[in-house]
Amino acid sequence: MRIEGRDYKTIWLDADGRRVHVVDQTLLPHRFATRTLASAGEAARAIADMIVRGAPLIGATGAYGLALAARENVGDSYIEAARAELLATRPTAVNLRWALDRVSSLLLAAPLSERSALAYAEAARIAEEDEACCEAIGVNGAAIIAGVAARKAGDTVNILTHCNAGWLCAVDWGTALAPIYKAARAGVALHVYVDETRPRNQGASLTAFELLNEGVAHTVVADNAGGHLMQHGMVDLVIVGSDRTTRAGDVCNKIGTYLKALAAHENGVPFYVALPGSTVDWSIRDGVKDIPIEERSPREVTHISGQAENGDIVEVRLTPKGSPARNFGFDVTPSRFVTALITERGVCEASESGLGALYPEKLGAFRE
Ligand SMILES: CSC[C@H]1O[C@H](OP(=O)(O)O)[C@H](O)[C@@H]1O
C-alpha cells in the first residue's frame with residue numbers, strides 16, 4: 001500500500017537475503033519507521049511487543065523468524081527451540097502456529113545443507129500467498145459493498161470497522177479493509193466509522209492512518225459509540241477481521257468485537273468477518289471454550305501514549321496508581337451473530353458447511 005506516494009509492504013527481505021525489515025507499528029501514526037530483524041529472537045520480540053501485529057503478519061513474521069533461526073543453526077533442536085520461542089509470543093492468532101508448523105515441518109524433513117534456503121523460500125511464499133489472499137478477500141468483499149451501494153442508489157455506504165484489519169495487519173491489502181480499498185478504488189461512495197479500539201487504539205492510530213493515506217472518508221469514534229450509530233441507522237454494514245475462526249464459524253477478534261456483533265444483531269445491521277483460510281482453526285468448533293485469549297500487560301489499560309505538542313511521543317497514566325487493571329486482548333463472537341465470512345475463496349455462511357464448501361480439503365482435522 002502507498003504511504004506518501006511510496007509503495008510498502010509490512011515485511012520484506014533485505015537485499016542481503018538474510019535480514020528482514022518490518023514497519024514499526026508502535027510509532028504510527030506519528031512516526032513512520034522500520035525495524036531490522038536479524039535473529040529469531042528479534043523476530044519473537046517484534047511480535048510480542050506488537051511492533052508487528054495482526055494475524056497474517058504475525059504468521060509471516062514467525063515464518064521469517066524460523067528462516068533467521070536456520071541461518072544461525074540448522075540443527076533440529078535449535079529449529080524446534082526457535083519455533084517454541086516464536087509460538088509463545090502471542091497465543092490467539094492461529095496464523096502464527098500455522099506458519100511455524102508449515103515452515104518447521106519442511107525444515108525438519110530436509111537435509112541440513114538445504115534448510116536455510118528452504119526456510120527463506122517458504123517464508124517468502126507465505127508472504128506472497130498472504131498478499132494474494134488478502135487482495136482476493138478485497139475483491140470478494142467489494143462485491144458486497146457494491147451491492148449495498150446499488151440499494152442505496154449512490155448514497156454513501158457507511159461501514160463500521162473495529163481495530164486494525166488493514167494492510168498493516170497483513171503483508172499488504174489487509175482483511176476487513178481490503179474490500180473497502182477495492183470498493184473505494186472502483187468509485188463506490190463510502191465512509192468508514194473507525195472504532196478507536198481501546199486499549200492499544202489500533203483503530204485510532206493504524207486504521208485511521210491507513211484510510212487517510214488511501215484517501216478514504218472516515219470518522220474515528222469511541223468504541224462505545226458503535227451501538228448508538230447502529231441504533232440510529234448510521235451504519236449499513238460492519239466488517240471486521242479475525243485472529244482465529246473455528247470450523248463452525250465462531251470468530252475470535254480484538255476485544256470489543258463481540259459487543260459490536262450484539263449491537264449489529266439487535267439493530268439488523270449485517271456483520272461480516274473478513275479472513276484468509278489460514279486464520280481458520282479446523283481442529284475446534286466452540287470458540288468460546290477452545291480459543292486461548294491473550295491477556296496482555298495491564299499497563300496498556302492504565303497508560304496511553306500519544307504525541308505531545310512539541311512532537312515527542314509520550315506515555316501518560318490514565319488511572320489512579322492504586323487501581324488494578326486487566327487487559328483481555330480478544331473476545332469470541334458466536335457464529336450466529338455473523339452474517340457471512342468473506343474469504344479469498346468466496347463468501348460463505350459462518351458454519352461448518354459454509355467453510356467446508358470453500359475448503360473441502362480441510363474438513364478432516366478435528367478433535368472433540
Ligand atoms: C486479521 S488480523 C487483524 C486483527 O488482529 C488484531 O489484533 P492485534 O492488533 O492484537 O494483533 C485485531 O484482532 C484485528 O482484527
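The values are calculated or read from the model by the stated rules, or taken from the named source; none is laboratory data. Just so we're clear, the structure is a prediction, and the values are computed from it rather than from any experiment. We place every Cβ from the backbone using ideal geometry, glycine too, and count neighbours over all the protein chains shown. Areas reflect the complete protein model, heavy atoms only, side chains present, ligands, DNA and RNA absent. Shrake-Rupley method; radii C 1.70, N 1.55, O 1.52, S 1.80 Å.
Which ones in region 344-363 are part of a loop (DSSP other than H, G, I, E, B), modelled with pLDDT of 95 or more and hydrophobic (A, V, I, L, M, F, W, C)? Let's see the steps before the verdict.
Going through region 344-363, the residues part of a loop (DSSP other than H, G, I, E, B) turn out to be 344-345, 349-351, 359, 363.
The next check asks that each one be modelled with pLDDT of 95 or more; those that pass are 344-345, 349-351, 359.
Ala350 - this is the single residue of region 344-363 that is part of a loop (DSSP other than H, G, I, E, B), modelled with pLDDT of 95 or more and hydrophobic (A, V, I, L, M, F, W, C).
Restricting to strands (runs of 3 or more DSSP E) lying wholly in region 1-68: which have 2 or more residues that are open to solvent by 10 Å² or more (accessible area, probe 1.4 Å)? Write out each step before concluding.
Numbers: elements: 11-13, 20-23, 34-37.
Strands (runs of 3 or more DSSP E) meeting the threshold: 11-13, 34-37.
Touching a Leu at 6+ places or on another chain (Cβ under 8 Å) and closer than 18 Å to Cys169 by Cβ: does that describe Gly75? Spell out how you get there, then give the answer.
Numbers: touching a Leu at 6+ places or on another chain (Cβ under 8 Å): yes; closer than 18 Å to Cys169 by Cβ: no.
The answer is no for Gly75.
Given the criteria touching a residue at least 60 places away in the same chain (Cβ under 8 Å) and outside any helix (DSSP H, G or I), does Arg90 qualify? Don't jump to the end; show me each part of the working.
Details: touching a residue at least 60 places away in the same chain (Cβ under 8 Å): yes; outside any helix (DSSP H, G or I): yes.
For Arg90, the condition - touching a residue at least 60 places away in the same chain (Cβ under 8 Å) and outside any helix (DSSP H, G or I) - is met.
Of the residues in region 334-343, how many are outside any helix (DSSP H, G or I) and either modelled with pLDDT under 95 or closer than 15 Å to Ile284 by Cβ (or both)? Even if it seems obvious, please write down each step before you answer.
If we filter region 334-343 for residues that are outside any helix (DSSP H, G or I), which is where we start, we get 334, 338-343.
Pick out the ones that are also either modelled with pLDDT under 95 or closer than 15 Å to Ile284 by Cβ (or both) and you get 334.
Matching residues across region 334-343 total 1.
Taking region 311-322, which residues are assigned to a loop (DSSP other than H, G, I, E, B) and open to solvent by 50 Å² or more (accessible area, probe 1.4 Å)?
The answer is Asp312, Leu318, Pro320, Lys321, Gly322.
Taking the stated definitions as given, is Arg125 of a type in the set (Lys, Arg) and surrounded by 18 or more Cβ atoms within 10 Å (Cβ to Cβ)? Give the steps one after another, and end with the answer.
Numbers: of a type in the set (Lys, Arg): yes; surrounded by 18 or more Cβ atoms within 10 Å (Cβ to Cβ): no.
Taking the combined requirement at face value, the residue does not satisfy it.
Can you tell me which of (1) over 28 Å from Ile126 (Cα atoms); (2) small (Gly, Ala, Ser); (3) touching a Phe, Trp or Tyr at 6+ places or on another chain (Cβ under 7 Å) is the one Gly311 doesn't meet?
Status for Gly311: all satisfied but (3).
Conditions: (1) touching a strand residue (DSSP E or B) at 6+ places or on another chain (Cβ under 7 Å); (2) part of a helix (DSSP H, G or I); (3) of a type outside the set (A, V, I, L, M). Tyr78 meets all but one. Number of the miss?
Going through (1) touching a strand residue (DSSP E or B) at 6+ places or on another chain (Cβ under 7 Å); (2) part of a helix (DSSP H, G or I); (3) of a type outside the set (A, V, I, L, M) one by one, Tyr78 breaks only (1).
Which of the residues that make up region 219-255 are away from the ligand (no atom under 15 Å from the Cβ) and part of a helix (DSSP H, G or I)?
The answer is Asn224, Ala225, Gly227, His228, Leu229, Met230, Gln231.
If Ala146 satisfies all but one of (1) within 16 Å of the ligand (Cβ to nearest atom); (2) out of contact with any Leu (no Cβ under 8 Å at 6 or more places or on another chain), what's the number of the condition it fails?
Of the numbered conditions (1) within 16 Å of the ligand (Cβ to nearest atom); (2) out of contact with any Leu (no Cβ under 8 Å at 6 or more places or on another chain), the odd one out for Ala146 is (1).
Given the structure, is Ala204 over 26 Å from Ile126 (Cβ atoms), more than 13 Å from the ligand (Cβ to nearest atom) and modelled with pLDDT of 95 or more?
Values: over 26 Å from Ile126 (Cβ atoms): yes; more than 13 Å from the ligand (Cβ to nearest atom): no; modelled with pLDDT of 95 or more: yes.
Criteria not met by Ala204.
Conditions tested, residue by residue: (1) closer than 22 Å to Asp7 by Cα; (2) in the same structural domain as Thr339 (by TED's automatic domain parsing); (3) of a type in the set (Lys, Arg).
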site	(1), (2), (3)
Ala110	no, no, no
Arg115	no, no, yes
Ala119	no, no, no
Ala149	no, yes, no
Ala153	no, yes, no
Thr156	no, yes, no
Cys163	no, yes, no
Val171	yes, yes, no
Gly174	yes, yes, no
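Out of all the residues in region 256-289, which are within 20 Å of the chain's Cα centre (by Cα), within 16 Å of Gly226 (Cα to Cα) and either more than 16 Å from the ligand (Cβ to nearest atom) or crowded, with 18+ Cβ neighbours inside 10 Å (or both)?
Across region 256-289, the qualifying residues are Gly256, Thr257, Tyr258, Lys260, Ala261, Phe271, Tyr272.
Among the listed residues Glu135, Glu210, which satisfies the condition of being within 16 Å of the ligand (Cβ to nearest atom), crowded, with 23+ Cβ neighbours inside 10 Å, in a helix (DSSP H, G or I) and among the acidic types (Asp, Glu)?
Values: Glu135 fails: crowded, with 23+ Cβ neighbours inside 10 Å.
Glu210 is the lone residue from the list that is within 16 Å of the ligand (Cβ to nearest atom), crowded, with 23+ Cβ neighbours inside 10 Å, in a helix (DSSP H, G or I) and among the acidic types (Asp, Glu).
Filter region 157-172 for residues that are in a strand (DSSP E or B) and in contact with a Phe, Trp or Tyr (Cβ under 8 Å, 6 or more places away or on another chain); which is farthest from the ligand (Cβ to nearest atom)?
Here is the first cut: in region 157-172, the residues in a strand (DSSP E or B) are 157-161.
If we keep only those that are in contact with a Phe, Trp or Tyr (Cβ under 8 Å, 6 or more places away or on another chain) too, we end up with 158-161.
On the way: Asn158: 19, Ile159: 14, Leu160: 13, Thr161: 9 Å.
Filtering first and then ranking leaves Asn158.
For region 301-310, indicate whether the set of residues that are within 16 Å of the ligand (Cβ to nearest atom), in a helix (DSSP H, G or I) and more than 30 Å from Cys133 (Cβ to Cβ) is non-empty.
Yes; the residues of region 301-310 include at least one that is within 16 Å of the ligand (Cβ to nearest atom), in a helix (DSSP H, G or I) and more than 30 Å from Cys133 (Cβ to Cβ).
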